[in-house]
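See structure below.
The values are calculated or read from the model by the stated rules, or taken from the named source; none is laboratory data. Since this is a predicted model, take the numbers as computed values, not measurements. In this analysis, Cβ positions are derived from the backbone assuming ideal geometry, glycine residues included, and neighbour counts consider all displayed protein chains.
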Amino acid sequence: MAGSSVKDITVLEISYEVCNKVGGIYTVITSKMGRMMESIKNYIAVGPYYEKPASLQFEKEKPPKSFQKAFDSLHKKYGINCHYGRWLIEEARLEKQRPVTILIDPAGYRASTNKIKSELWEFANVDSINSTPHYDEPLPFARATGLLAEELLKSGAIGGKVVAHFHEWLTGAGLLYLKANRVPCRTVFITHSTALGRTIAGSGREDIYRLINDGLRKKQTVSDDKAREYNAVDRHTMERASAQHADVFTTVSDIVGTECEFILGRKPDIILHNGLDMSKFPVMEDLSDLHIKYRDHIRRFVMAYFSPYYPIDVNNTLFYFISGRFEFHNKGIDLLLDSMGKLNNRLKKSKSSRTIILIIWVPCYVRGRRPDIMDSLALFEDLEETISEESGRIAGRIMDFFAQRKKITCSSIIGQEFLHELKKAEISIRRKDQLPPVSPFLIDSNEITQGLERNGLTNSPDDRVKVIYYPTYLSSTDGVLGLSYYNAMMGCHVGIFPSYYESWGYTPLEAAALGCQSVTTDLAGYGRFMKPNIRKGDFSIMVIPREGRKYEESLECLEEQLFSIYGMTKRQRVQFKIKAKQLSRLADWSSLIKNYIRAYDMALSKK
């Protein structure tokens, strides 16, 4: 980027997920980091210091004198320790210039927690008298970020036009400190989803959208009593105060913007849609080869998983998947399982031959791996090695027979010892009168396993929809599937994310960027963002209607979409995969980063 287009400002981007991966905000920050550093002259990331994640993602450096002066002051006054260095972000476009990062350890400041709470109440009516540990843990860090900005300005480490950009209620105490003490620093506050809205939606006790629409129609905002009802008053009042005191308030999608108007009492000044750095994703030509590579890897896993129980034709199989946090209702896992149950019954009645494998990558607590599945995987791995060795010997025998003009028959080129080994393997692996488990891991009953059972998705031989529930984070070295998350996605055909409550939704965007057909909804920020670009009959990125619809209506629509994909030819699926990849570029940070710059300009223009 030309020097003239770089903004001569300083931005402190403050988040609990800087060098500390907890959720989707980590992806937001890291994926745009390269574009941010190209656009802003002086960018500094600020996050909490936790030893384990820092040891993997943070490279400590000796701070410049002006920074050290600020750090010494913070330690002397408050017992706060600051670590200066670089965030080792793989996604950064500027490989030789990692972002300057400050990680804050507020250990010596935790004794001041009650004092911080008192000051927040006095300044902004933040009600934390009955706060939870979830609120108390990040509070000293959050306040320390405001103290840090103040000391950096005093020491001359930063100056000129300065913007502090705070993510979520977890950092709100820092923003409120700057405002209460009139520190000469402009502020931007972004909520990725409101704390109270997410809590209400996830509870399933009432319709969050009806609540919002009724409130706005009456020109009302949510009451503190509603926050108390859901035991969220501490987070809610912190978030509301941060939104109302920020110079610029923003969020990630139109649907959350409406939510903020009712929940937080302020309409966002600008929408900052989330994106990805598409230059880091394979091009379509490479994706075709990668899909075949990882699809075949998954096929081998599926073969080892199911064939001990009954025959399965992995070459006539489609892989559907869902991934994300365990939010059964919010993420639409309930809708997915119900739709797959209906689809399974429909396909069984029609005597369809093709099989769908639904893979559920949703983490939960596991007690370990299933020994029977691990035995099957080990046996199949040994068998593959044996077959590979025998293949070389068979090739040699064929050449010998050909050279000697001997008649080539199966019995003459396949060794009896090899056939005996195959027979032994078949006998040892066969599990009669059993069904394949729904998970290769030992897990307790939960909403997902109950939903599978309720819908008859039990991996019976006649099921056309079979299930593998994979409740751990994917890794190429996990010893089970043995694929990273993105590689596993590339091996599948369609990602299904029928969310009820989703402020943005990175998963359908990632799936599309990796050349998969994907499903989202009009209650997801990304679905809203994409809907104007999707034409009727387009099965590349599908936006299921859920807004203002009965559950049964959305269920029927999702099942129809999934059935349509099932019936497509390979050529049709490839065309829609190409289109999905093309549409994913609409959320490239190369286009969306300008909104962040605009938000900073708006903050700096405030008087």
- Checked segment 2-55 for anything touching a Phe, Trp or Tyr at 6+ places or on another chain (Cβ under 9 Å), touching a residue at least 40 places away in the same chain (Cβ under 8 Å) and over 21 Å from D601 (Cα atoms); matches are Y16, E17, V18, C19, G24, I25, T27, T30, S31, G47, P48, Y49
- Looking at F402, F380, F418, which is the one that is of a type in the set (A, V, I, L, M, F, W, C), touching an Asp or Glu at 6+ places or on another chain (Cβ under 8 Å) and part of a helix (DSSP H, G or I)? F418
- All-but-one check, L562 against (1) within 20 Å of the chain's Cα centre (by Cα); (2) closer than 18 Å to I333 by Cβ, failing number (1)
- Among (1) modelled with pLDDT of 95 or more; (2) among the β-branched types (V, I, T); (3) more than 18 Å from Y49 (Cβ to Cβ); (4) touching a Phe, Trp or Tyr at 6+ places or on another chain (Cβ under 9 Å), the one test that T145 misses: (3)
- Note on the structure: The helices (runs of 4 or more DSSP H) lying wholly within segment 549-607 that contain at least 1 residues that are hydroxyl-bearing (S, T, Y) and farther than 30 Å from I29 by Cβ are 551-566
- Message: Can you find a residue that is over 30 Å from H245 (Cα atoms) and surrounded by 17 or more Cβ atoms within 10 Å (Cβ to Cβ) anywhere in segment 113-125?
- Response: no
- Message: So the check is Cβ under 6 Å with 6+ separation or different chains; which pairs have a first residue in segment 132-160 that's touching a residue at least 24 places away in the same chain (Cβ under 8 Å) and a second one that's outside any helix (DSSP H, G or I) and of a type in the set (F, W, Y)?
- Response: P138/Y16
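Here is a yes/no grid of residues against (1) farther than 25 Å from W504 by Cα; (2) basic (K, R); (3) modelled with pLDDT of 90 or more; (4) outside the structural domain of E137 (by TED's automatic domain parsing):
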site: I9; (1), (2), (3), (4): yes, no, yes, no
site: V18; (1), (2), (3), (4): no, no, yes, no
site: G24; (1), (2), (3), (4): no, no, no, no
site: S31; (1), (2), (3), (4): no, no, yes, no
site: R35; (1), (2), (3), (4): no, yes, yes, no
- Message: Within segment 126-136, take every residue that is under 26 Å from the mean Cα position of the chain (by Cα) and crowded, with 16+ Cβ neighbours inside 10 Å and give me the one that is farthest from R235 (Cα to Cα).
- Response: D136
- All helices (runs of 4 or more DSSP H) inside segment 225-331 with 3 or more residues being over 28 Å from L358 (Cβ atoms) and in contact with a Phe, Trp or Tyr (Cβ under 6 Å, 6 or more places away or on another chain): 233-245
- Query: Could you count how many residues in segment 538-552 are among the basic types (K, R) and either surrounded by fewer than 12 Cβ atoms within 10 Å (Cβ to Cβ) or in contact (Cβ under 8 Å) with a residue 24 or more places away in the chain (or both)?
  - Reply: 2
- Query: Take the residues of segment 459-475 that are assigned to a loop (DSSP other than H, G, I, E, B) and either among the acidic types (D, E) or touching a helix residue (DSSP H, G or I) at 6+ places or on another chain (Cβ under 7 Å) (or both): which is farthest from V362 (Cα to Cα)?
  - Reply: D462
- Message: Quick check on segment 402-420. Is at least one of its residues surrounded by 12 or more Cβ atoms within 10 Å (Cβ to Cβ), outside the structural domain of Y310 (by TED's automatic domain parsing) and touching a Leu at 6+ places or on another chain (Cβ under 9 Å)?
- Response: no
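Just for segment 185-194: of the residues that are assigned to a strand (DSSP E or B) and not aliphatic (A, V, I, L, M), which one is farthest from V248 (Cα to Cα)? Walk me through how you get there before you give the answer.
Step one: list which residues in segment 185-194 are assigned to a strand (DSSP E or B), which gives 186-191.
Pick out the ones that are also not aliphatic (A, V, I, L, M) and you get 186-187, 189, 191.
Values: R186: 9, T187: 7, F189: 6, T191: 12 Å.
The extreme case among them is T191.
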- Query: How do the pairs read when you match residues in segment 355-383 that are of a type in the set (G, A, S) with residues anywhere that are part of a loop (DSSP other than H, G, I, E, B), using Cβ under 7 Å and keeping only pairs 6 or more apart or on different chains?
  - Reply: S376/P308
- P532 is checked against (1) more than 17 Å from G332 (Cα to Cα); (2) without any contact (Cβ under 8 Å) to a residue 40 or more places away in the chain; (3) not in a helix (DSSP H, G or I) and fails just one. What number does that condition carry? (3)
- If you check R182 against the conditions, is it outside any helix (DSSP H, G or I), surrounded by fewer than 20 Cβ atoms within 10 Å (Cβ to Cβ) and out of contact with any Pro (no Cβ under 8 Å at 6 or more places or on another chain)? yes
- Tell me which of these Y26 doesn't satisfy, since it passes every other one: (1) surrounded by fewer than 23 Cβ atoms within 10 Å (Cβ to Cβ); (2) not in a helix (DSSP H, G or I). (2)
- Residue check, Y294 against (1) of a type in the set (F, W, Y); (2) more than 29 Å from E547 (Cα to Cα); (3) crowded, with 23+ Cβ neighbours inside 10 Å, all met but one. Which one? (3)
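Given the criteria closer than 22 Å to T251 by Cβ, over 32 Å from the mean Cα position of the chain (by Cα) and crowded, with 18+ Cβ neighbours inside 10 Å, does K219 qualify? Spell out how you get there, then give the answer.
Numbers: closer than 22 Å to T251 by Cβ: yes; over 32 Å from the mean Cα position of the chain (by Cα): yes; crowded, with 18+ Cβ neighbours inside 10 Å: no.
Answer is no for this residue.
Each row is one residue, and each column tells you yes or no for (1) in the same structural domain as S484 (by TED's automatic domain parsing); (2) farther than 24 Å from D462 by Cα; (3) among the β-branched types (V, I, T); (4) in a strand (DSSP E or B).
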position: D334; (1), (2), (3), (4): yes, no, no, no
position: M340; (1), (2), (3), (4): yes, no, no, no
position: L347; (1), (2), (3), (4): yes, no, no, no
position: S352; (1), (2), (3), (4): yes, no, no, no
position: P363; (1), (2), (3), (4): yes, yes, no, no
position: E385; (1), (2), (3), (4): no, yes, no, no
position: E390; (1), (2), (3), (4): no, yes, no, no
position: R397; (1), (2), (3), (4): no, yes, no, no
